[in-house]
Amino acid sequence: MQDYINFLLQDIAAAHRPKNYYKKPLENSPSDDLEEALQESEKFVSEERMPGFAGYCGLNRETFPPTDQLSNDQLIQVTTAFVLMMKSWNLEVAFPDDLPHQRRYDLLMEILVKPVMIFKHGYYCFDFCTGDPEGCELGEYCPCLKSEYYNA
């Protein structure tokens, strides 16, 4: 399996955002940059239908093995490389420190198929927390469970 993981890591490295992804005009003024940033914000809040992350990075969910076929070391290798690749697309992830790597991997794989917006002017962070532990994707690892409000 490690041989396959090595190829997968190469694919993840190749999925980084190309340097020329945003072709900036030579004479883009600060007001043009501001206008682009405002248009991005409007697009984001309008919840316009966007493709899944796979449509940007070129990776397909089907090429990633199920977690039960990976060792903990392999899960760490893949999730670390995947998070680094996401950063090249102005995407961040915020996992609770105690979240197991198997669960991190599963959450990252869901990002491939969920609609996502790629920002030129800013970042988007997936924190996976709804603010309410009931039904939260993080389950028992939801940071809200550690807050005074839920432990009163």
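Computed from the coordinates by the stated procedures, all read-outs in this text should not be read as laboratory data. This one's a predicted model, so the numbers in the text were calculated from it and none came from an experiment. No Cβ is skipped: glycine too gets one built from the backbone with ideal geometry, and neighbour counts run over all protein chains shown.
For TRP89, what residues show an amide H to amide H distance below 5 Å, using hydrogens built from the backbone and excluding near sequence neighbours?
ARG17
What is the local net charge at PHE95, summed over the other residues whose Cβ is closer than 15 Å to its Cβ (Lys, Arg +1; Asp, Glu -1)?
Surrounding charge for PHE95 is -4.
What are the ³J(HN,Hα) couplings of segment 2-19, residue after residue, when phi is run through the Karplus curve with 6.51, -1.76, 1.60 and θ = phi - 60°? Round to Hz, x for glycine and proline.
Per residue, the Karplus-derived 3J(HN,Hα) values read 4, 4, 5, 4, 4, 5, 4, 5, 5, 5, 5, 4, 6, 8, 4, 4, x, 4 Hz.
Only counting other Cβ atoms within 10 Å, I'd like ILE12, ILE76, ILE111 sorted with the fewest neighbours first.
Final ranking by Cβ density, sparse to dense: ILE76, ILE111, ILE12.
Report, by chain and number, residues whose modeled amide H sits under 5 Å from the one on PHE126, excluding near sequence neighbours (fewer than 5 apart, same chain).
GLU92, VAL93, ALA94
Each label point is 7 Å from the Cα along the Cα-to-Cβ direction; what then is the distance between the points at HIS16 and LYS120, in nm?
Computed distance between label sites HIS16 and LYS120 equals 2.2 nm.
Give a residue-ordered list of calculated ³J(HN,Hα) values for segment 96-101 (Karplus: 6.51 cos²θ - 1.76 cosθ + 1.60, θ = phi - 60°; whole Hz; x for Gly, Pro).
With the stated coefficients, segment 96-101 comes to x, 4, 8, 6, x, 5 Hz.
So which GluC sites (Glu not before Pro) in segment 70-152 end up in coil per DSSP with only 13 or fewer other C-beta atoms within 10 Å?
Listed in order of number, the matching sites are GLU134, GLU148.
Which cross-chain or sequence-distant (5 or more) residues have an amide H under 5 Å from the amide H of CYS136, H modelled 1.01 Å from N in plane?
Those lying under 5 Å, H to H, from CYS136: there are none.
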